[in-house]
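Here's the structure, in structure tokens; my notes come after.
The values are calculated or read from the model by the stated rules, or taken from the named source; none is laboratory data. The structure displayed is predicted, hence computed values, not measured ones. Every residue, glycine as well, gets a Cβ built from its backbone with ideal geometry; the counts of neighbours run over all protein chains shown. Note: areas computed on protein heavy atoms with side chains; ligands, DNA, RNA excluded. Shrake-Rupley method; radii C 1.70, N 1.55, O 1.52, S 1.80 Å.
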Amino acid sequence: MARGSSAAGGRDAELDLLRQIRRRVSTGAAVALGIGDDCALLRIKDREQVAVTTDLSIDGRHFRLGWHPPEAVGHRTLARGLSDLAAMGARPLAAFVSLGLPKDLVQREGRRPAWVSRFYDGLLTLAARHKTPLAGGDLAESPAALADIVLVGAVPRGRALLRSAARAGDAIYVTGTLGGSAAGLDILSKLAKKRGGAPAAIRIPKRTSALLHAHLYPEPRLAQGQWLQRRGLASAAIDLSDGLSTDLTHICEESGLAAEVDSSAIPLGPGATLQQALHGGEDYELLFTARPHLSVPGRLAGVPVTRIGRMALARHNTPLVMLLMDGEARPLEPLGWQHFV
């Protein structure tokens, strides 16, 4: 883990933080050399390909310091990258996390641990659950809080799940439920409004904490993605990070197809509306297609699987995705997450 540039007066604190992180990290079988040198060294098996993904999280855009507990920010930072590996059917090898933080987030809050320590609590708890060692990263002072995650995984050569291999007639499936994350974010927004926009952390009533879990602590579907990859059951796959309407459009574009979705079949998360399920994003479930003659289990590693539609031939001047609702077919525009708005 490299050290970000800092003033001499802050170097001792930075080195101490690095030592704390290093003490908390255990290396896995894939990490030949972890934190401590200029580079990490990773092992991969014969006949495997390396899968690499990166995601940037910025305060005010992907999370809010006053809304999201530090543990949730750490969890979500890692979950985003693990979900990308899941969509490819890859197994994680190592994670690399770079943080840019204002000074007050690396200092203790009275008797409470520093924000950055609690961030790593959330990240490392999820990492341990999915056997993903933290093998490096970077630290730097920044006027805004941001976290960049790099995930390295491995997948059998030529067997990765892609967005581009769906065929007309394939059935469309999703894991879990959709819209729960957007519903949770809406609750946080309403709680913040009741505080009049005060910058201090909002207090979450116990009666609503369960409804926030899908948003604060989403679970990447690694076991499900690897199961699909091993059995060659999925023809195409993507993780639902930007919303069903947008991510299904990505599969259509990459596969050169169109799609039809049955609105009544979409599994809604607790408290979620259909609009949140279609466009909300950050569910980190898997959206995949399978040949129509194949038998897809109703559950994968304990997670429900629901058939929601089918792939079709694309037609000129016709929307890529159609939503079947109340006996009518209407265009489903990709209105999910947009990075530049």
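Filtering the stretch 299-341 to residues that are over 19 Å from L240 (Cα atoms) and either open to solvent by 80 Å² or more (accessible area, probe 1.4 Å) or free of Cβ contacts under 8 Å to residues at least 12 places away in the same chain (or both) leaves L313, R315, H316, N317, D326, G327, E328, R330, V341.
Going by what's in this entry, would R61 be described as among the basic types (K, R), closer than 23 Å to R22 by Cα and either open to solvent by 10 Å² or more (accessible area, probe 1.4 Å) or within 15 Å of the chain's Cα centre (by Cα) (or both)? It is false that R61 is among the basic types (K, R), closer than 23 Å to R22 by Cα and either open to solvent by 10 Å² or more (accessible area, probe 1.4 Å) or within 15 Å of the chain's Cα centre (by Cα) (or both). Does the stretch 28-36 contain any residue that is open to solvent by less than 30 Å² (accessible area, probe 1.4 Å), part of a loop (DSSP other than H, G, I, E, B) and under 30 Å from A165 (Cβ atoms)? Checked the stretch 28-36: at least one residue is open to solvent by less than 30 Å² (accessible area, probe 1.4 Å), part of a loop (DSSP other than H, G, I, E, B) and under 30 Å from A165 (Cβ atoms).
Within the stretch 226-251, the only residue that satisfies the criterion of being of a type in the set (V, I, T) and outside any helix (DSSP H, G or I) is I238.
Examine the stretch 214-229 for a residue that is more than 19 Å from P304 (Cα to Cα) and open to solvent by 30 Å² or more (accessible area, probe 1.4 Å), and state whether such a residue exists. No: zero hits.
Taken over the stretch 101-133, the criterion of being under 18 Å from V25 (Cβ atoms), at pLDDT 95 or above and in contact with a Phe, Trp or Tyr (Cβ under 9 Å, 6 or more places away or on another chain) is satisfied by G122, L126. Against the list (1) assigned to a loop (DSSP other than H, G, I, E, B); (2) open to solvent by 30 Å² or more (accessible area, probe 1.4 Å); (3) at pLDDT 90 or above, the condition H68 fails is (2).
G81 falls short on exactly one of the conditions (1) in a helix (DSSP H, G or I); (2) open to solvent by 50 Å² or more (accessible area, probe 1.4 Å); (3) closer than 30 Å to E254 by Cα, and that condition is (2).
Per the listing R195, R203, R159, R207, the residue uniquely modelled with pLDDT of 95 or more and among the basic types (K, R) is R159. For the stretch 44-98, the set of residues classified as free of Cβ contacts under 8 Å to residues at least 12 places away in the same chain and closer than 30 Å to S235 by Cβ consists of D46 only. Residues that are charged (D, E, K, R) and within 21 Å of the chain's Cα centre (by Cα) were ranked within the stretch 112-137; the one that is surrounded by the fewest Cβ atoms within 10 Å (Cβ to Cβ) is R129. Checking each residue in the stretch 162-177 for being open to solvent by 10 Å² or more (accessible area, probe 1.4 Å) and touching a Gly at 6+ places or on another chain (Cβ under 7 Å) picks out only T177. Taken together, the residues in the stretch 261-298 that are over 25 Å from G184 (Cα atoms), in contact with a strand residue (DSSP E or B) (Cβ under 7 Å, 6 or more places away or on another chain) and either touching a residue at least 40 places away in the same chain (Cβ under 8 Å) or open to solvent by less than 10 Å² (accessible area, probe 1.4 Å) (or both) amount to 4. Number of residues in the stretch 39-58 that are assigned to a strand (DSSP E or B) and either open to solvent by less than 50 Å² (accessible area, probe 1.4 Å) or more than 24 Å from P133 (Cβ to Cβ) (or both): the value is 6. Checking each residue in the stretch 138-156 for being modelled with pLDDT of 95 or more, closer than 20 Å to G34 by Cβ, in contact with a Lys or Arg (Cβ under 9 Å, 6 or more places away or on another chain) and open to solvent by 30 Å² or more (accessible area, probe 1.4 Å) picks out no residue at all.
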